1. Based on what the data block shows, is THR78 within 29 Å of GLY27 (Cβ to Cβ), in contact (Cβ under 8 Å) with a residue 24 or more places away in the chain and β-branched (Val, Ile, Thr)?
2. Within segment 122-136, which residues are loosely packed, with under 14 Cβ neighbours inside 10 Å and at pLDDT 75 or above?
3. Go through ALA114, ALA162 for me and flag whichever is modelled with pLDDT of 95 or more and over 14 Å from the mean Cα position of the chain (by Cα).
4. Give all pairs with beta carbons closer than 7 Å in which a residue from segment 136-156 that is outside any helix (DSSP H, G or I) meets a residue that is surrounded by 14 or more Cβ atoms within 10 Å (Cβ to Cβ); count only pairs at least 6 apart in sequence or on separate chains.
Amino acid sequence: MAEQREQAADDALPTRIGQLVMLHHAGDREEARDRLLGLWAELGEHGDPLHRCTLAHYLARTQTDPTDELAWDLRALTAADSCVEPPSAALRALYPSLYLRLAGDYVKLGRPGAARGQLTRARAAAAALGGAADDGHAVGVRAALTRLEGELAGLPGEDGDAGEGGGHGRPGGEPLGPPRSGS
């Protein structure tokens, strides 16, 4: 019986995340962020990698500070990478978006070298999406890749962080938990 309740809670989590994403899209960023943080605490560090990845991915979008946004996007990627079994199709389909978001974060932070490294990863991961013209996710990812490539083409060369540009480690050695208080 307890196992059934746990499965039902796992099945309901994507719906709960979706409702909070709609709240954010409706313009209530702070309330959405607070509720998503509550889900993050509820899920815990040992929760399903796909759920943790999705939750961190959307938490990044609710941040106002680009450094916090980067930290949450790194948490999303870390959660995806933590999957000990071969990743599901749903998780594999998230990788191009995860790398794209990281690239965008690095652009906001004035680190075009790191952005280019993540863009290269996004392009490689997008190749696994397939080429169906009716796949809205794949079409959207490819369009975002093209837009970001154009944006990066207008930026100067390396930014001195080429050594970490392709990686996805912790910014400044921070732990990958909830953001610092007050952010």
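1. No: the conditions fail for THR78.
2. If the condition is that a residue be loosely packed, with under 14 Cβ neighbours inside 10 Å and at pLDDT 75 or above, then ALA124, ALA127, ALA128, GLY136 are the ones that fit.
3. ALA114
4. LEU155/PRO112; PRO156/PRO112
The values are calculated or read from the model by the stated rules, or taken from the named source; none is laboratory data. Quick caveat: nothing in here was measured; it's all calculated off a predicted structure. Glycine also receives a Cβ, built like all others from the backbone with ideal geometry; neighbour counts cover every protein chain displayed.
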